[in-house]
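Notes for the one structure printed next.
The values are calculated or read from the model by the stated rules, or taken from the named source; none is laboratory data. None of these values were measured; they are calculated from a predicted model. Ideal geometry is used to build each Cβ from the backbone, glycine not excepted, and the neighbour counts take in all protein chains shown.
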Amino acid sequence: MKRIGCQSGTTLVEAVIAIGLLAGAVTALAGLAHSAIRAATLARERSIEAVCALEKIEGLCRDVRLLAVSPGGTLTADVPGFVEYLDARGAVATGANRVFVRRWSVAPVRADPDLLAIQVAVAACRGAGAAGPCEAAAGVRFASIRSRLAW
């Protein structure tokens, strides 16, 4: 009788285990890539929101003597004269290309009526129709206090 020596190579069981481990690793990497893409998209959205809020608050703070005091609730609802819709680049938009909503509030400070509290909120629109108001997602909010008196 001849004795059969040790054969080199892989068995079917080893190959199935290796393929299963590889599939698990690829699935984990795909999940990680998805999370990274979502985080990058959210960071881009927040950056655009911050720039749009900063532009508006700078514009409002240029000459506070001309600012009208806003009615209540302008940061959470669309009040004419205190809301703008923006496109993906941050320009004022009309029609169906609305991506962001920018709302602002101007209110006198209780302690000193010559001081104005100015707030600007910018958020991405979720489920907005072409003509109706959009539901604002979580966004950014900037605030400033300015004096009506010249320095």
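Would you confirm, using the coordinates I've provided, whether residue 98 is basic (Lys, Arg), buried (at least 18 other Cβ atoms within 10 Å of the Cβ), at pLDDT below 90 and out of contact with any Leu (no Cβ under 6 Å at 6 or more places or on another chain)? Here the answer is yes, as residue 98 does meet what is asked. The set of residues from region 31-57 being over 8 Å from the mean Cα position of the chain (by Cα) and free of Cβ contacts under 8 Å to residues at least 12 places away in the same chain comprises 31, 32, 33, 34, 35, 36, 37, 38, 39, 40, 41.
Residues that are surrounded by 11 or more Cβ atoms within 10 Å (Cβ to Cβ), out of contact with any strand residue (DSSP E or B) (no Cβ under 7 Å at 6 or more places or on another chain), on the phi < 0 side of the Ramachandran plot and modelled with pLDDT under 90 within region 66-78 comprise 76, 77, 78, listed in sequence order.
Please go through region 91-118 and pick out each residue that is within 28 Å of residue 45 (Cβ to Cβ) and part of a loop (DSSP other than H, G, I, E, B). 91, 93, 94, 95, 96, 97, 98, 99 - these are the residues of region 91-118 that are within 28 Å of residue 45 (Cβ to Cβ) and part of a loop (DSSP other than H, G, I, E, B).
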